[in-house]
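To start, the structure under review is shown below, and the notes come after it.
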Amino acid sequence: MPSAEPASDTIAAVATPAGRGGIGIVRVSGPGALAIARALTGRVPEPGKALHCLFRDTRGEPLDEGIALSFKAPRSYTGEDVLELQGHGGPVVMQALLGAVLDAGARLAEPGEYTRRAFLNGRLDLAQAEAVADLIDAASREAARSALRSLGGEFSAAIGALVAGLTELRALTEATLDFPEEEIDPLHRTDAAARLARLRAALEDVLARSRQGSLLRSGVQVVLAGRPNVGKSSLLNRLAGEERAIVTPVPGTTRDALREPVQIEGVPILLVDTAGLRESRDEVERLGIARTEHELARADVVLVVLEAGRMQAPERPLPEGARQIRVINKIDLVPAARPGREGDEVRVSAKTGAGLDALRAAILEAAGWEARGESTFLARERHLRALARARAHLLAAAGRASQWELFAEELRLAQEALGEITGQVSADDLLGEIFSRFCIGK
Ligand SMILES: Nc1nc2c(ncn2[C@@H]2O[C@H](COP(=O)(O)OP(=O)(O)OP(=O)(O)O)[C@@H](O)[C@H]2O)c(=O)[nH]1
Ligand SMILES: [Mg+2]
């Protein structure tokens with residue numbers, strides 16, 4: 001899809017965050033960028049060389065002193081002529097500088113418009129463009145590293161390899177389709193089946209790595225639930241490493257659901273502490289319990305907290321679907337009990353911290369995380385869906401080995417699904433949807 005006419009207008013935005021900072025940058029991209037440089041600084045900076053200068057508005061009034069940088073098309077982020085004006089990072093200065101750039105002929109950029117232009121000019125494919133936003137939004141070092149790998153093209157290359165394999169297999173198939181009257185050579189058929197099997201295995205691998213990465217991107221919701229007073233809030237505080245939730249010996253202390261983001265091995269986890277589950281006459285507590293049930297319904301992992309030695313299950317049923325871990329807390333009160341994990345049960349003490357590492361490991365495992373080192377792809381839901389569609393078509397193709405035309409058609413559909421990931425085939429509304437979520441200036 002990258003193709004398109006070069007954009008005819010020039011866009012501008014403040015590229016640094018709002019507020020005060022040492023440096024603020026106004027970024028300009030489009031055919032008018034260099035003329036705007038001349039209008040504001042009296043000169044055109046040589047591409048790639050910093051020009052120290054005074055910025056003036058269109059009436060010649062000085063606005064700020066700073067550095068102008070230019071990048072000549074197509075060797076720039078957007079693939080167009082780009083100008084960066086680096087001034088002092090105060091909101092008034094930045095607005096004045098942006099105002100002058102707009103007066104000189106640019107228009108305000110829309111969210112994500114720079115990256116959209118980079119995509120349309122073939123500087124990045126769609127998965128790489130999305131990685132730009134994911135890198136900016138990354139919630140942990142691991143997520144950032146994974147986004148950087150996608151930006152560098154690793155994910156796109158894996159998709160590209162699948163597409164290349166499909167193209168080859170389609171070529172092989174379609175060549176025989178051109179001679180319908182001839183018998184299809186059985187050798188040909190076995191070759192095609194073997195190729196298809198290899199492609200399916202490769203797709204499974206990409207899908208598994210993408211699922212892992214999507215955990216890094218969207219995180220895991222872990223809800224602490226159980227009877228009152230078993231130590232749910234104490235556990236949340238332990239896992240968070242801070243006294244976030246109120247802890248008292250009074251059963252029914254927690255009323256509202258409390259959310260606390262933490263990281264375990266770089267995986268973003270949203271811990272949710274909830275009101276203890278029991279039948280209650282207290283109006284406030286009943287409302288709290290209703291919230292608990294609401295949170296439970298959305299949980300990826302539920303920690304069912306029980307008290308060592310007492311081990312009463314919650315009075316209300318827990319939802320099915322989410323992965324559950326039985327957490328036996330307060331083992332410090334039972335002299336014979338040892339901390340650690342056994343099957344789906346983890347014994348801990350929120351008071352002493354014993355068994356907490358085993359609990360963290362159990363949470364990651366329940367969430368489906370496998371430490372794969374450098375090989376995860378920070379996939380988005382959109383990518384997972386496209387991969388799943390491609391997989392379904394390859395499965396269908398495997399079932400059509402005796403109907404050559406249908407076989408070929410399933411391969412085509414699989415390839416189309418994969419092409420959506422990198423943007424080789426993509427509808428305009430999809431692009432609008434993706435880029436509108438960027439911040440302005442990116
Ligand atoms: N000895 C011991 N006491 C604990 C432990 N964990 C929590 N407690 C105590 O148990 C009491 C209840 O702890 P909370 O963390 O408030 O329990 P909760 O499950 O959040 O209770 P509700 O909010 O009322 O549902 C407090 O007095 C804690 O100090 C533990 O591991 N060992
Ligand atoms: Mg509590």
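Descriptive notes on the structure:
- Selected residue (criterion: surrounded by the most Cβ atoms within 10 Å (Cβ to Cβ)) from residues of the stretch 254-265 that are without any contact (Cβ under 8 Å) to a residue 40 or more places away in the chain and not in a strand (DSSP E or B): THR254
- From the list LEU378, LEU359, LEU431, the one residue that fits, being crowded, with 19+ Cβ neighbours inside 10 Å and closer than 18 Å to SER150 by Cβ, is LEU378.
- The stretch 267-296 residues that are under 30 Å from ARG211 (Cα atoms) and among the polar types (S, T, N, Q), paired with ones that are in a strand (DSSP E or B) and near ligand 1 (Cβ under 9 Å from one of its atoms) (beta carbon under 7 Å, 6 or more apart): THR274/LEU224
- In the stretch 123-240, counting only helices (runs of 4 or more DSSP H) that sit wholly within it, the ones holding 3 or more residues that are modelled with pLDDT under 95 and either more than 16 Å from ligand 2 (Cβ to nearest atom) or touching a Gly at 6+ places or on another chain (Cβ under 8 Å) (or both) span 126-137, 141-151, 154-177, 186-218.
- Restricting PRO335, PRO268, PRO249 to residues that are in a loop (DSSP other than H, G, I, E, B) and more than 16 Å from ligand 2 (Cβ to nearest atom) narrows the list to PRO335.
- Being outside any helix (DSSP H, G or I), exposed (fewer than 14 other Cβ atoms within 10 Å of the Cβ) and among the small types (Gly, Ala, Ser) is a description that applies to GLY353.
- All of GLY112, GLY122 fail the test of being of a type outside the set (A, V, I, L, M, F, W, C) and in contact with a helix residue (DSSP H, G or I) (Cβ under 9 Å, 6 or more places away or on another chain), apart from GLY112.
- Test result for ILE325, among the β-branched types (Val, Ile, Thr) and away from ligand 1 (no atom under 12 Å from the Cβ): yes
- Residues (small (Gly, Ala, Ser), within 27 Å of PRO339 (Cβ to Cβ) and surrounded by fewer than 18 Cβ atoms within 10 Å (Cβ to Cβ)) located in the stretch 278-321: GLY309, ALA313
- Per-region count, the stretch 393-408, residues closer than 14 Å to GLU174 by Cβ and of a type in the set (Gly, Ala, Ser): 2
- Total residues in the stretch 90-146, condition acidic (Asp, Glu) and more than 19 Å from the chain's Cα centre (by Cα): 3
One line per residue, one yes/no per condition, for (1) within 14 Å of GLY226 (Cβ to Cβ); (2) of a type in the set (Phe, Trp, Tyr); (3) at pLDDT 80 or above:
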| position | (1), (2), (3) |
| --- | --- |
| GLY321 | no, no, no |
| ASP332 | no, no, yes |
| PRO335 | no, no, yes |
| ARG338 | no, no, yes |
| GLU345 | yes, no, yes |
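- Within the stretch 271-285, restricting attention to residues that are within 16 Å of ligand 2 (Cβ to nearest atom) and charged (D, E, K, R), the residue that is nearest to LEU236 (Cα to Cα) is ASP273.
The values are calculated or read from the model by the stated rules, or taken from the named source; none is laboratory data. All values reported here derive from a predicted model rather than from experimental measurement. Please note: Cβ atoms are built from the backbone with ideal geometry, for glycine as well, and neighbour counts cover all protein chains shown.
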